[in-house]
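Undergrad: There's a structure below that I have some questions on.
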Amino acid sequence: LVLILDYGSQYTHLITRRIRQLSIFSLCVSGTSPLKSITDLSPRVIILSGGPHSVHAPNAPSFPDGFIEYIGKNGIYVLGICYGLQLITVKLGGVVRVGEKQEYGRMEIEVVNNGGGDVKGLFGNREKGDKQVVWMSHGDEVAQLPDGFEVVARSQQGAVAAVENRARRFYGLQYHPEVTHSPQGMETLRHFLFDICGITADWKMEDVMNEEIKVIQGTLGPDDHVICALSGGVDSTVAATLVHKAIGDRLHCIFVDNGLLRYKERERVMDTFEKHLHLPVTCVDATEQFLSKLKGVMDPEMKRKIIGREFICIFDEFAQELEQKLGKEPAYLVQGTLYPDVIESCPPPGSGRNHSHTIKSHHNVGGLPKDMKLKLIEPLKLLFKDEVRALGKILNVPEGFLKRHPFPGPGLAVRVLGDVTEGNALDILRMVDEIFIQSIKDAGLYDSIWQAFAVFLPIKSVGVQGDQRTHSHVVALRAVTSQDGMTADWYNFEHKFLDDVARKICNSVRGVNRVVQDITSKPPSTIEWE
Ligand code: XMP
């Protein structure tokens with residue numbers, strides 16, 4: 001195991017992911033965790049992440065007492081990155097001071113000592129004098145190394161860029177090898193983990209699956225039943241499929257058609273659930289129930305609340321019916337919680353990262369009934385999204401399903417602006433959206449886009465169709481690229497593509513005479529219009 005101690009850098013998750021990409025299992029815990037929670041994991045290597053603090057700040061986060069002794073006694077390798085390097089420096093008797101020149105962004109560093117090409121050195125696989133571009137982001141710098149440490153690379157400004165103390169197995173990088181802006185960063189991590197630390201690449205998704213199945217089987221009693229709300233998204237589908245493989249039909253899934261789904265969505269996902277994955281799913285058509293409650297509601301937050309509330313009622317009924325049928329309450333609830341949600345639950349103080357770890361209900365708006373005494377099964381809680389997709393592939397979830405664009409829990413309610421029940425807004429939107437998405441797929445662009453969809457605007461404009469003036473709706477097309485949905489850029493289609501799509505929409509969807517494209521990034525906009 002490679003353990004990452006998190007000191008609040010925005011890149012910490014990336015370190016964990018990069019190491020897993022090398023088929024090495026890695027976990028991330030708060031950098032201020034008690035010693036026992038570190039020793040319990042028996043790591044072979046510990047990486048101290050970067051962070052936004054100065055090591056001289058009054059409450060600068062640090063590893064627990066006894067950490068250095070534990071490392072020494074157990075021969076554990078340590079790599080400090082940025083703040084992590086500075087922490088090692090001050091804790092072992094060196095000096096860190098405010099840098100004369102701060103270094104942010106792309107910088108060149110030079111190998112000043114490759115230890116004579118000995119591969120046990122951080123840059124042993126590179127020539128002395130070798131230069132590479134790296135991504136720096138620091139105000140403080142190492143001014144004096146602790147005893148036994150050597151500088152192995154310097155920045156073009158002369159600052160310490162990499163250090164090592166081979167005897168004590170301490171290594172440090174002032175830059176961020178985990179980001180793509182450090183093009184040789186992966187090579188350095190690979191060299192560190194395989195050649196220096198002697199780690200073997202043995203973390204495979206098949207093992208993850210088998211291990212997780214064993215855990216589920218060991219956790220549940222022989223008569224325990226489990227419920228799961230399927231949203232039609234990747235996470236809940238993969239989680240349910242895994243649990244189904246572990247306990248068979250003691251899993252009971254529900255899929256709710258709230259009337260806010262895309263064109264043929266219910267048929268499509270139910271087909272995958274039943275025919276392809278053989279999941280035991282109850283499909284509830286609650287269109288009337290949702291739409292009657294949403295009638296006349298204009299405020300987007302109110303829409304979300306209503307949708308959350310109705311979902312809870314339906315879920316509650318489902319659980320009660322199941323209890324009557326089984327003669328006992330279901331004991332567990334499956335959630336598709338992912339690793340980033342878990343890491344975010346315990347960021348170090350001052351990191352500025354989100355602290356909320358609320359139970360992720362499939363619509364993210366309501367939460368589940370408080371009096372429901374269900375225990376949670378979260379079989380994906382150690383995985384990142386791309387790993388969930390890899391697991392889904394092994395579990396035979398169709399590739400096309402695994403690559404679907406994200407779809408918000410409140411569905412088309414956030415894509416029809418204003419009253420969703422007004423006229424035939426939902427039907428119009430479904431048809432426009434289908435034409436847009438199908439055209440994107442036909443053009444082979446679907447996988448290069450994070451998310452694409454249409455938005456129904458509650459306004460009409462004048463047009464001329466045939467020989468007649470029309471007064472019809474305006475629809476907007478939105479397509480964005482993004483890594484995680486937190487920031488996004490608009491997708492630049494070729495004009496010919498847009499021309500074809502706009503023509504197709506106006507010619508085949510009655511009630512639409514104008515198509516516009518959203519060309520704002522996030523920020524300042526959001527991805528959805530709400
Ligand atoms: P915004 O519009 O905030 O959206 O830029 C960022 C990403 O989150 C999705 N989204 C949701 N996903 N439940 C979800 O599961 C929701 O309530 C929800 N609201 C927005 C949105 O589609 C985009 O991918």
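The values are calculated or read from the model by the stated rules, or taken from the named source; none is laboratory data. In this text the structure is predicted, and so the values were computed from the model without any measurement. So basically every Cβ, Gly included, is an ideal-geometry build from the backbone, and we count neighbours across all protein chains shown.
Undergrad: Quick check on my filter: what residues within region 59-106 are under 17 Å from ASN165 (Cβ atoms), charged (D, E, K, R) and surrounded by 15 or more Cβ atoms within 10 Å (Cβ to Cβ)?
TA: Of everything in region 59-106, just one residue is under 17 Å from ASN165 (Cβ atoms), charged (D, E, K, R) and surrounded by 15 or more Cβ atoms within 10 Å (Cβ to Cβ), namely LYS91.
Undergrad: Let me ask something additional. If the requirement is being at pLDDT 95 or above and either closer than 23 Å to PRO406 by Cβ or within 16 Å of the ligand (Cβ to nearest atom) (or both), which of these qualifies: VAL509, VAL501, VAL474, VAL462?
TA: Unique residue meeting the criteria: VAL501.
Undergrad: Do any helices (runs of 4 or more DSSP H) entirely within region 237-338 hold 3 or more residues that are closer than 21 Å to PHE401 by Cα, and if so, which?
TA: Where helices (runs of 4 or more DSSP H) fall fully within region 237-338 and carry at least 3 residues being closer than 21 Å to PHE401 by Cα, they are 265-271.
Undergrad: Could I ask something else about it? Could you list all residues from region 182-219 that are surrounded by 15 or more Cβ atoms within 10 Å (Cβ to Cβ), part of a loop (DSSP other than H, G, I, E, B) and at pLDDT below 95?
TA: Of everything in region 182-219, those that are surrounded by 15 or more Cβ atoms within 10 Å (Cβ to Cβ), part of a loop (DSSP other than H, G, I, E, B) and at pLDDT below 95 turn out to be SER182, TRP203.
Undergrad: Does SER525 fit the bill of being within 16 Å of the ligand (Cβ to nearest atom) and outside any strand (DSSP E or B)?
TA: Taking the combined requirement at face value, the residue satisfies it.
Undergrad: I'd like to check something: does region 341-355 contain any residue that is at pLDDT 95 or above and either of a type outside the set (Val, Ile, Thr) or closer than 25 Å to ILE216 by Cα (or both)?
TA: no
Undergrad: Which condition breaks for MET298 when tested against (1) under 28 Å from ARG17 (Cα atoms); (2) touching a Gly at 6+ places or on another chain (Cβ under 7 Å); (3) at pLDDT 95 or above?
TA: (1)
Undergrad: Also, quick follow-up: I'm checking my understanding of the structure. Among residues of region 370-407 that are of a type in the set (A, V, I, L, M), outside any helix (DSSP H, G or I) and under 13 Å from the mean Cα position of the chain (by Cα), which one is surrounded by the fewest Cβ atoms within 10 Å (Cβ to Cβ)?
TA: LEU382
Undergrad: Looking only at region 415-437, which residues are hydrophobic (A, V, I, L, M, F, W, C) and within 19 Å of LYS460 (Cα to Cα)?
TA: VAL416, LEU417, VAL420, ALA425, LEU426, ILE428, LEU429, MET431, VAL432
Undergrad: Taking the stated definitions as given, is GLU494 away from the ligand (no atom under 16 Å from the Cβ) and either of a type in the set (Asp, Glu) or closer than 13 Å to TRP450 by Cα (or both)?
TA: Yes; evaluated as a whole, the condition is true for this residue.
Undergrad: State which residue is surrounded by the fewest Cβ atoms within 10 Å (Cβ to Cβ) when the search covers only region 477-486 and only residues that are more than 9 Å from the ligand (Cβ to nearest atom) and among the polar types (S, T, N, Q).
TA: Among them, the one singled out is GLN483.
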